[in-house]
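To start, the structure under review is shown below, and the notes come after it.
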Amino acid sequence: MKFARRLDRVPPYLFAELERKIDEKAKAGIDVISLGIGDPDLPTPPAVVEEMQRQVGRPETHRYPSNRGLQAFRRSVSDFYADRFGVDIDPETEVVPVLGGKEGVAHIAFACVEPGDVCLSPEPGYPPYTSGPLFAGADIHYLPLREDLGFAPDLDGIPVDVLVRAKLLFLNYPNNPTGAIVPDSLFLRAVELAREHDLIVVHDNAYSEIAFDGYRPPSFLATDGAKDVGVEIFSLSKGWNMTGWRVAWVAGNAEVVERYRSLKTNLDSGMFDALQLAAVAALTAARDFPAEMSEIYRRRRGLMIDALAAIGLPASPPKATPYIWVRVPEGYNSASFTELVLEEAAVVVSPGPSFGPSGEGYVRISLTVADERLEEAARRIASSLRVEATA
């Protein structure tokens, strides 16, 4: 058979590979602790589940939904942005539901770039920042996120010949995989750059509701001029433990939102009305749930940071996200350390280069497992290092 070559332009999806490795170990009867995938281990808020159950029972929700989204959904997003970020979102023209943040990130490139254009993609970063533009036929210019720069892209260091062709700039803060928070003035500089070079800025805001120590992550759309040049993708997955529900939205610049809505009319039939109404419950009845989850992750963060330090792997405690970005021990690279803890400790971590070349020398540890499993994982990793040292 002959297939399209576009899939050959991207590596196997990171989390699919992790799932395969976990499955292999499980079939062999090995107890694997996965710290690789950021999938919350605790349930969705009861108010959301109960509303979903109620709405599924209503025949009115069983028909084709609208790609624009229900008025109640769009209004709840507008109210949430006003209350949480102080941002005015027009529910009629500036928000559209999407089937999870991944769909939003991956597909928005089809509305913004075409073959020959350049997408500015931070790395290490969420893989769809690269795969979406590549599938759309664009070229990628990586923006390395280095520790000495606070894991911020050097927007002033982008070559002029790249900026001439650039159409799309991805940003993501709080950041996956590094856990970094947005540096002062970065959003403002992104707006200025977008105006200077006619760029569309897409901010992936998947983690703003998981934060610690009094930190309140901002929205890109709260930046002066942000809605003139871009949009933000917001997901309920992490803050409300709703990864399987696939509920997110694109909000901001009305022209970009409308182009995205037009794209969706050709790709899918919209979000199930019952899901949208359950999302309304998340943003209202369960509005404070992310604060409860943040406290749980704060406790787990401390547990893992202390455990890592005890085995000679110091890491900075992140102010947001359920992830810890850790330098691998001396004498290892990301791949060899990942392989060691998998084979010797049956613990899965995410190798840094899976998120981009600048991830070499790091692994990402997810806090989305119970405390006792985190403690057990730390013990196993310590044991594997001792075994390796004496081998």
| field | Selection count where residues are assigned to a loop (DSSP other than H, G, I, E, B), small (G, A, S) and either within 13 Å of P290 (Cα to Cα) or touching a helix residue (DSSP H, G or I) at 6+ places or on another chain (Cβ under 9 Å) (or both), scope segment 199-224 | value | 3
| field | Pairs where the first residue, in segment 151-168, is under 17 Å from L188 (Cα atoms) and the second is open to solvent by 30 Å² or more (accessible area, probe 1.4 Å) and part of a loop (DSSP other than H, G, I, E, B), C-beta under 6 Å, 6+ apart | value | A152/P183
| query | In segment 142-152, which residues are more than 19 Å from H197 (Cα to Cα) and open to solvent by less than 20 Å² (accessible area, probe 1.4 Å)? | reply | L145, A152
| message | Show me the helices (runs of 4 or more DSSP H) found entirely inside segment 27-127 where at least 2 residues are without any contact (Cβ under 8 Å) to a residue 40 or more places away in the chain and within 20 Å of the chain's Cα centre (by Cα). | response | 101-112
| message | Residues that are under 23 Å from G352 (Cβ atoms), surrounded by fewer than 24 Cβ atoms within 10 Å (Cβ to Cβ) and small (G, A, S): does segment 237-258 have at least one? | response | yes
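Can you tell me which residue among A279, A310, A291, A274 is buried (at least 24 other Cβ atoms within 10 Å of the Cβ), farther than 20 Å from I37 by Cβ and small (G, A, S)?
On the way: A310 fails: buried (at least 24 other Cβ atoms within 10 Å of the Cβ); A291 fails: buried (at least 24 other Cβ atoms within 10 Å of the Cβ); A274 fails: buried (at least 24 other Cβ atoms within 10 Å of the Cβ).
Just a single option satisfies the conditions, and that option is A279.
Yes/no matrix, rows are residues, columns are (1) under 26 Å from R364 (Cβ atoms); (2) in contact with a helix residue (DSSP H, G or I) (Cβ under 8 Å, 6 or more places away or on another chain); (3) not hydrophobic (A, V, I, L, M, F, W, C):
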| position | (1), (2), (3) |
| --- | --- |
| E123 | yes, yes, yes |
| Y129 | yes, yes, yes |
| L149 | yes, no, no |
| G157 | yes, no, yes |
| L169 | yes, yes, no |
| N175 | yes, no, yes |
| G179 | yes, no, yes |
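Among the residues of segment 14-32 satisfying the criterion of being under 28 Å from V247 (Cβ atoms) and surrounded by 14 or more Cβ atoms within 10 Å (Cβ to Cβ), which is modelled with the lowest pLDDT? It would help to see each step written out before you state the result.
Filtering segment 14-32 down to residues under 28 Å from V247 (Cβ atoms) leaves 14-20, 22-23.
Narrowing further to those that are surrounded by 14 or more Cβ atoms within 10 Å (Cβ to Cβ): 14-15, 17-19, 22.
Values: L14: 57, F15: 60, E17: 69, L18: 67, E19: 74, I22: 75.
Ranking the qualifying residues of segment 14-32, first place goes to L14.
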| Do any residues in segment 267-294 that are at positive phi have Cβ atoms under 6 Å from those of residues that are open to solvent by 20 Å² or more (accessible area, probe 1.4 Å) and among the small types (G, A, S), where the two are at least six apart or on different chains, and which pairs are they? | G270/S66
| remark: Of the conditions (1) open to solvent by 10 Å² or more (accessible area, probe 1.4 Å); (2) in a loop (DSSP other than H, G, I, E, B), the single one that E376 does not satisfy is (2)
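Okay, residues lined up against (1) at pLDDT 95 or above; (2) open to solvent by 10 Å² or more (accessible area, probe 1.4 Å):
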| residue | (1), (2) |
| --- | --- |
| R84 | yes, yes |
| T93 | yes, yes |
| C119 | yes, no |
| S131 | no, yes |
| F135 | no, yes |
| I140 | yes, yes |
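The values are calculated or read from the model by the stated rules, or taken from the named source; none is laboratory data. Just so you know, these numbers come straight off a predicted model, no measurement behind them. Note: ideal-geometry Cβ built from the backbone for every residue, glycine included; neighbour counts use all protein chains shown. The area values use the complete protein model at the heavy-atom level, side chains included, leaving out ligands, DNA and RNA. Shrake-Rupley method; radii C 1.70, N 1.55, O 1.52, S 1.80 Å.
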